[in-house]
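Asker: The structure that follows is given in the form of structure tokens.
Readers should treat all values here as calculations from the given coordinates under stated rules, not as data from a laboratory. None of the values given here were measured: they were computed from a predicted structure. We place every Cβ from the backbone using ideal geometry, glycine too, and count neighbours over all the protein chains shown.
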Amino acid sequence: MANELRGSRHAEILLVEDNRDDVTLTREGFKQSSLMINLHHVEHGEACMAFLRKEGEYADAPTPDLILLDLNMPVMDGREVLAELVADENLKHLPVVVLTTSTDNQDVLKMYKLRCNAYATKPVDFNQFLHVIQGIADFWFTVVVLPPSND
Amino acid sequence: MVDGHGAIVLANAEVERLFGYSRTELIGQTVEMLMPDRFRRHHPALRDDYFVNPEVRLAGRELFGGRKDGSEFSVEIALSPVETDDGLFVLAAINDITERKRLEETKEKLTKNLEESNVELQQFAYIASHDLQTPLRSIAGFAQFLQMENQDKLDEQANKHIERIVENAKRMQTLINDLLEYSRVDSRVRPFAATNLDEVFDEVTNAMIAEIEDSHGVVTRDDLPTVTGDRSQLHQLLQNLIGNGLKYHGDARPKVHVSAEKNGSEWMIAVSDNGIGIDPKHHKRIFEIFRRLHTQDAFPGTGIGLAVCQRIVQRHGGKICIESKPDEGSTFRFTIPTQKVI
């Protein structure tokens, strides 16, 4: 059965982001949403892969309903994460929204070629940023049908 | 000139100068004496083969000459068989290409340096776009967040100050983006292709429909030529020039007209407006990056448009200039060579 979130449980979002300020602002953005959301956070791609594979300290981590992926991060960046995700039979169905500062056309094209589900940029204006976060939350948790959860 | 046995029968002053032997030392000796040691052993066989089937051989291959003092240098040799009553001779024309080779090597090195610095520039531009903008988002974001959280505690003055912070962060972001755009004119290039400027004009005016309507302006064109260039850059060039024509207007309804004329081996494209014009004393400076002649209140902007225009025109091998006086409108003219060799 398709994953039906409305009212049944919290939506699990994994935010992969190295900048602490952006994490705070994103968290605030989701707080203002009327949806019930658990926002998990990891600082780079390696931690993201460990989280998704429930390795080490992430043994009890939930499978996220949505991954918000930054592009430029230390250790393992967003491009590498997405490339590894789509090559992994157990993870390739997870929806990924790239959320980044980069407006570079080549980044946009590359991430879509790697089959990200959406690409959004972070505006400097906080009100616009809230609008982006709200839009992502609304679309992914009230409009679309998510892949069924194995948890 | 060499005979069938490889003996030198004739040598001019240039040979003496190049190889350091006198003519008396040369005549009668085999031609192998003019080669570096390592080639001498195998050459007689090659020479014999040539005499079996003699034909004109043009210079082109890079060969080596050996001087009397043992030093080597790069040469090109053209061979022509000469049939005489005394038998077959071969006339060899020897060219010292040391200088040419040095220039080629220098050119190669410079090109490589340029490619490397271009890659570095692209990386720099990318880092600038990302790393410089991230702190700006924090500055603006937290200021607005503060405002949101403390709505009832902040007075009008405090709210205004926060607005100033956000406004300036956004302006900084615009400046960074403009700087990037400027740097990309040369670093992110597409190959040149035949580009119909009538089509580009139509695309530009379609894309600018809102600006044209808002300013109640009229944008017109004559027949424009097909030129060789980078379509997206030519689009940007026309868009910036037409945009300026619409933007810097006085009380009159803005009119912008694009025309073209052929001038020898180049096209000259003119973008004329009926706007506020520019004092000739500023004409040189308006193409400088971030150079502005007006306050933000009078005409907002960062001063990137014409700098980008100039860079695009230069990349196409042309020139851009302005003809204008205050209150008499402006005409920007740029040239594009009809045959651009790349």
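Asker: Pairs please, first residue from the range A:138-150 and on the phi < 0 side of the Ramachandran plot, second anywhere and part of a strand (DSSP E or B) and surrounded by 12 or more Cβ atoms within 10 Å (Cβ to Cβ), Cβ atoms under 7 Å, 6+ apart in sequence or on different chains.
Answerer: A:TRP140/A:LEU66; A:PHE141/A:ALA11; A:LEU146/A:ASN3; A:PRO147/A:ASN3; A:PRO148/A:ASN3; A:SER149/A:ASN3
Asker: Read through the list (1) within 14 Å of chain B (Cβ to nearest Cβ); (2) surrounded by fewer than 21 Cβ atoms within 10 Å (Cβ to Cβ); (3) out of contact with any Ser or Thr (no Cβ under 9 Å at 6 or more places or on another chain); (4) not in a helix (DSSP H, G or I), then give the number of the only condition that A:MET76 fails.
Answerer: It fails just one condition, (1).
Asker: Among the residues in the range B:134-147, are any within 14 Å of chain A (Cβ to nearest Cβ), over 22 Å from A:LEU99 (Cα atoms) and assigned to a helix (DSSP H, G or I)?
Answerer: Kept after step one, since they are within 14 Å of chain A (Cβ to nearest Cβ), are these residues of the range B:134-147: B:134-147.
Still in the list and also over 22 Å from A:LEU99 (Cα atoms): B:146-147.
Now restrict to residues that are assigned to a helix (DSSP H, G or I): B:146-147.
Scanning the range B:134-147, I find at least one residue that is within 14 Å of chain A (Cβ to nearest Cβ), over 22 Å from A:LEU99 (Cα atoms) and assigned to a helix (DSSP H, G or I), so the answer is yes.
Asker: Could we say that B:ALA193 is over 19 Å from B:LEU306 (Cβ atoms), surrounded by fewer than 16 Cβ atoms within 10 Å (Cβ to Cβ) and under 16 Å from the mean Cα position of the chain (by Cα) here?
Answerer: yes
Asker: Checking the conditions here, which among A:LEU68, A:LEU114, A:LEU52 is away from chain B (no Cβ under 14 Å), within 30 Å of B:ILE162 (Cα to Cα) and touching a residue at least 12 places away in the same chain (Cβ under 8 Å)?
Answerer: A:LEU68
Asker: Can you find even one residue in the range B:253-268 that is free of Cβ contacts under 8 Å to residues at least 60 places away in the same chain, touching a Pro at 6+ places or on another chain (Cβ under 9 Å) and not in a loop (DSSP other than H, G, I, E, B)?
Answerer: Within the range B:253-268, not a single residue is free of Cβ contacts under 8 Å to residues at least 60 places away in the same chain, touching a Pro at 6+ places or on another chain (Cβ under 9 Å) and not in a loop (DSSP other than H, G, I, E, B).
Asker: Filter the range B:227-271 for residues that are of a type in the set (Gly, Ala, Ser) and touching an Asp or Glu at 6+ places or on another chain (Cβ under 9 Å); which is surrounded by the fewest Cβ atoms within 10 Å (Cβ to Cβ)?
Answerer: Ranking the candidates gives B:GLY250 first.
Asker: Restricting attention to the range A:71-103, which residues are within 14 Å of A:PRO147 (Cβ to Cβ) and either in contact (Cβ under 8 Å) with a residue 40 or more places away in the chain or out of contact with any Leu (no Cβ under 9 Å at 6 or more places or on another chain) (or both)?
Answerer: A:GLU89, A:HIS93, A:LEU94, A:PRO95
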